[in-house]
Amino acid sequence: MNSTTFKWAGLLTAASVFAAGAAIAEPDNNTLVIEGQEMVTDVAAPEGSPLSRVYSGWRFRSPETQAFEMDDFENPAFPAVELGEALWNTVEGEAGKSCATCHEDASETMKGVRASMPKWNEKRGKPHTLETQINACRTDNMKAEAWKWEAPNMLAMTAYVGLQSRGMPVNVQTDGPMQSWTDKGKELYYTRVGQLDMSCANCHEDNYGKMIRADHLSQGQINGFPTYRLKWGGLGSIHRRFSGCMKNIRATPYKRGSDEFIALELYLASRGAGLSVETPAVRN
Amino acid sequence: MAKAKPRVKVPKSASAGEVITIKTLISHKMESGQRKDKAGKVIPRKIINKFTCEFNGTKVFECDIDPAISANPYLEFTAKVAEAGEFKFTWVDDDGSVYETSKKIEVK
Amino acid sequence: MKLDRRQVLGLTAGAAVLAVSGIKVNPADAATDETKKKIMEFTGGKEPASGKIALKTPEIAENGNTVPVSVSVESAMSGDDLVQSVMILADGNPRPDVATFHFTELSGEASATTRMRLAKTQNVIAVAKMKDGSVYSDTKQVKVTIGGCGG
């Protein structure tokens with residue numbers, strides 16, 4: 001098969017998949033209240049957005065999946081959150097410090113951190129994600145070993161730190177030194193890649209609310225990460241989700257922590273500005 | 001994975017004779033014995049196979065657990081509280097490990 | 001236009017989705033032999049009656065890894081009116097066993113909730129065994145969506 005035929009076939013596949021689910025549109029009207037706190041799951045899109053409203057992925061899930069996130073006891077991510085809290089207070093590394101040594105009470109000092117990530121870091125000369133910020137603390141200040149991107153301890157810590165921002169609106173800087181990173185993320189979002197020749201936008205901007213085969217497509221918002229996915233049976237990072245999406249369209253994923261994924265994370269966060277941080281969210 | 005970590009949710013108090021709801025969850029991979037690794041070898045089964053709840057030494061609820069129970073097993077059940085006391089929760093792992101936790105309850 | 005293999009595959013996938021959303025599935029598929037055997041072992045050979053027991057499952061599970069399942073049985077939970085055990089079976093799994101709950105007078109009610117794995121669309125069966133030897137069952141079909149997106 002020559003490459004033209006191949007692309008044509010890919011388009012046809014995509015078109016027929018989306019068309020099949022056209023009957024089911026839009027997110028539902030349910031309200032997300034977690035432990036008495038109401039979350040913003042539907043908000044007017046930020047200026048310059050191609051969307052009119054932005055919706056949390058929670059609004060696209062089944063009532064049973066939604067219920068898992070509405071109660072911190074029933075949310076299966078919480079054993080990891082508890083591990084994160086224990087790690088927060090654990091002294092590690094040659095400096096003899098724990099996170100708490102410097103940052104004391106996470107519920108005070110970590111408030112808002114998740115909401116503004118990725119964040120520009122002058123010393124690094126590029127944005128920090130929550131993962132790289134935690135590792136910078138570990139290696140520079142604690143003199144401890146860095147954690148791997150998807151290590152259980154890293155996921156536990158990002159979940160615990162992220163939880164402290166739960167209910168706060170996603171609000172990342174996109175101007176100044178972040179401008180070029182946002183632009184790069186946007187370019188990646190709209191670039192068709194992989195054997196199926198699809199971009200993020202093909203599913204999450206053009207076709208959200210529809211069914212892709214048996215799955216209800218969301219806008220691909222990232223306000224709930226790290227997220228407990230039923231499919232994973234555990235927590236996973238934003239970059240793991242990107243990687244999965246890229247595999248689905250038969251593309252070679254970028255590496256977790258790569259500049260590409262950091263830029264994409266930043267751009268996606270900016271598209272979801274105003275949604276509540278839901279960390280740790282539960283999805284299918 | 002880190003050591004299995006149990007969590008339980010029991011009301012702090014109840015009126016005498018009240019039926020309360022208890023929720024429990026333990027972090028555990030629940031390896032079913034049905035999966036294969038990348039080399040095609042079956043990953044051996046390792047699950048929590050039994051859960052017991054006792055109140056002041058008397059059995060309240062018990063569950064035989066099979067590999068079809070999801071990772072991080074969740075169990076919700078009820079208990080009739082006649083007196084103040086302590087609930088004891090026990091999970092038994094295939095490898096013989098026993099995980100325990102307990103919670104006190106007052107009677108108003 | 002000549003259809004090549006990929007085009008055909010794509011069209012078929014679309015058609016399959018339509019078929020799933022439009023089809024009526026018979027909820028009362030007969031249980032497999034192994035499931036029947038498990039039920040008979042549990043009840044001591046007695047055919048369970050309907051009523052008294054209510055099984056609650058989602059109609060559609062977004063992911064078969066974690067499907068909530070609740071069961072409750074009408075009972076005073078004292079004296080002879082007592083539910084001893086409830087067995088949950090998933091008829092279409094490689095092995096049907098899911099869990100067996102054992103209740104006591106201290107349970108107060110014969111109700112419990114857990115989360116299970118379902119390999120595919122199938123019937124879930126709950127069987128209750130009472131102290132007086134009577135047995136009851138309830139069956140619910142759960143459609144498990146496979147072929148969703150997500151990495």
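The values are calculated or read from the model by the stated rules, or taken from the named source; none is laboratory data. Just so you know, these numbers come straight off a predicted model, no measurement behind them. All Cβ positions, even for glycine, are placed from backbone atoms using ideal geometry, and neighbour counts span all protein chains on display. Side chains are part of the model used for accessible areas, which takes the heavy atoms of the whole protein and leaves out ligands, DNA and RNA. Shrake-Rupley method; radii C 1.70, N 1.55, O 1.52, S 1.80 Å.
Quick look at the numbers
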| read-out | value |
| --- | --- |
| Proximal charge balance of C:Asp132 [Cβ under 11 Å; K/R count +1, D/E count -1] | 0 |
| C:Lys52, B:Lys12, B:Lys23, reordered so the largest accessible area comes first (probe 1.4 Å) | B:Lys12, C:Lys52, B:Lys23 |
| Around B:Ile43: net Lys/Arg minus Asp/Glu count, Cβ-Cβ under 13 Å | +4 |
| Protein heavy-atom accessible area occluded, C/B pair - total, 1.4 Å probe, Å² | 2200 Å² |
| Accessible area (Å², per residue) of segment C:26-144, counting only protein heavy atoms and a probe of 1.4 Å | 42 Å² |
| As computed over the protein assembly as shown, the Cα convex hull volume per residue (Å³) | 182 Å³ |
| For segment C:26-144, radius of gyration divided by Kirkwood radius, i.e. Rg to Rh on alpha-carbons | 0.96 |
| Residues of segment B:5-107: accessible area per residue with a 1.4 Å probe, Å² | 46 Å² |
| Residues of type aspartates and glutamates that C:Lys38 reaches as a straight line, Cα spacing below 18 Å, ignoring anything fewer than 8 places off in the same chain | B:Asp64, B:Asp66, C:Asp29, C:Glu47, C:Asp91, C:Asp97, C:Asp138 |
| Helix-derived mean residue ellipticity, 222 nm - over chain A, DSSP H n ≥ 4, -39500 (n - 2.57), to 500 | -10500 deg cm²/dmol |
| Loss of accessible area when C meets A, both sides summed, Å² nearest 100, probe 1.4 Å | 2500 Å² |
| Filter on C:Lys52/C:Lys129; B:Lys5/B:Lys36; A:Lys97/A:Lys148; B:Lys23/B:Lys80; A:Lys119/A:Lys148 - keep pairs with C-alpha separation over 18 Å | B:Lys5/B:Lys36; A:Lys97/A:Lys148; A:Lys119/A:Lys148 |
| Using alpha-carbon coordinates, inclination of helix A:152-163 to the longest axis of chain A, degrees | 90 degrees |
| Charge tally in the Cβ shell below 12 Å around A:Lys247, where Lys, Arg are +1 and Asp, Glu are -1, A:Lys247 excluded | +3 |
| Degrees separating the helix A:238-248 axis from the principal Cα axis of chain A, which is the longest one | 30 degrees |
| Solvent-accessible area, 1.4 Å probe, carbon plus sulfur percent, for segment A:24-121 | 48 percent |
| Convex hull of Cα atoms in segment A:78-163, direction-averaged projection (nm²) | 5.2 nm² |
| Chains A and B together, accessible area buried on both sides, 1.4 angstrom probe, square angstrom | 1100 Å² |
| Heavy atoms of C:Ile125 accessible to a 1.4 Å probe, total area in Å² rounded to 10 | 10 Å² |
| Percentage of interatomic Cα-Cα distances in segment C:90-151 larger than 18 Å | 48 percent |
| Volume of the Cα convex hull of segment B:26-108, divided per residue and given in Å³ | 89 Å³ |
| Stokes-Einstein D in µm²/s, Kirkwood radius over Cα pairs - chain A at 25 °C with 0.890 mPa s viscosity | 125 µm²/s |
| Chain A: antiparallel DSSP beta bridges as a percent of all, rounded to 5 | 90 percent |
| Occluded residues from segment A:67-105, i.e. those whose accessible area drops by 50 Å² or more once the chain is not alone (1.4 Å probe) | A:Phe68, A:Phe73, A:Glu74, A:Pro79, A:Glu82 |
| Test item: Cα-centred dipole of the protein assembly as shown, Lys/Arg +1 and Asp/Glu -1 on Cβ, debye | 1800 debye |
| Exposure of A:Cys99 as accessible area (Å², to 10), given a probe of 1.4 Å and all protein chains | 30 Å² |
